[in-house]
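Pasting in a structure now, in structure tokens, and then I'll have a few things to ask.
No lab work stands behind these numbers, since they all come straight from the coordinates. Please read these numbers as outputs of a predicted model, since none were measured by experiment. All Cβ positions, even for glycine, are placed from backbone atoms using ideal geometry, and neighbour counts span all protein chains on display.
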């Protein structure tokens, strides 16, 4: 058999048959979108709960100013705020004192607001300065309303002079004070997402398994008979038939990887190539054992989802199912996920590839013996 001619024919058919490319094209677009969306999620806004216990009206004015800042503020009860911070659904809370308005009007600037933040959530000093700045704005407006209105001869120049004086007060540290509390929390491992490149690996496994439908008893099943009749090897023919699709999946992975902004893109690319090759070897086993097209379709769906789930590609493995991540070491996806997570992968990926390639050679040889007897 002329393997080169077969490969050229397979490549031509792959590039001209939209149905064959539909899975990869869809996978690329979907995973690029997921990768970009995932990146935006990583930059989510800081959530701050606001508790307004002020009996006057200046607390509401402070809240209006806070809502203009680049934070996600929400006014809630004190119990709710404490709960949200405790379960890490909010990075901090602001408590406006019950006598906030009263103190501002009589010129007492101590203990106006209590700010509670989670340790290492973000720059507490910068956030505290923003709160102080907004309080100064409220204080200035209160003074203008209470002290300057109705003064004969007061004009815009006088207002500017007053604002300059307020700026001097802002630069000082003796008049206005805020009680800040830093709450410690248990150190948590950095969350690994990168769902775009993880889900692309899932699509790749399904595509590579489905690409072996020609080995089943449908459509071009005569190709197997001709190969076996001429003394050819099914494994060699499978590699020739699979190689064009394998190259297409690797090429499609490039834009997905670039969209993910992974810090170790080179290592992840190498890991994906090993993963794709290992998955191709695994699909040779599945195709050899399926026998029928219906069986292969069912196997492709079940194996893809089960293998991807156990390897952690579909979603993060919960703590109670951590054993899945340990026993999935025989799957190519396990080592690919290790690379995405920044863990060592090369030796394990190569070993898994070699093992599945050996199993694939054996099962394809058994299939050749069986078909030769038919």
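Please report 83, 334 as a ranked list, fewest other C-beta atoms within 10 angstrom at the top and most at the bottom.
With the sparsest Cβ surroundings first, the list reads 83, 334.
For residue 322 and residue 236 in one chain, what is 0.36 nm times their gap in residues minus the Cα-Cα distance, to one decimal in nm?
Numbers: separation 86, 0.36 × 86 = 30.96 nm, distance 3.81 nm.
Residue separation times 0.36 nm, minus the Cα-Cα distance, leaves 27.1 nm.
Next question, about the same structure. List the relative contact order of region 273-374 as a percent without decimals, with contacts defined as Cα pairs under 8 Å and 6+ residues apart.
Relative contact order of region 273-374: 38 percent.
How do 205-212, 246-253 rank on mean C-beta neighbours within 10 Å, highest first?
205-212, 246-253
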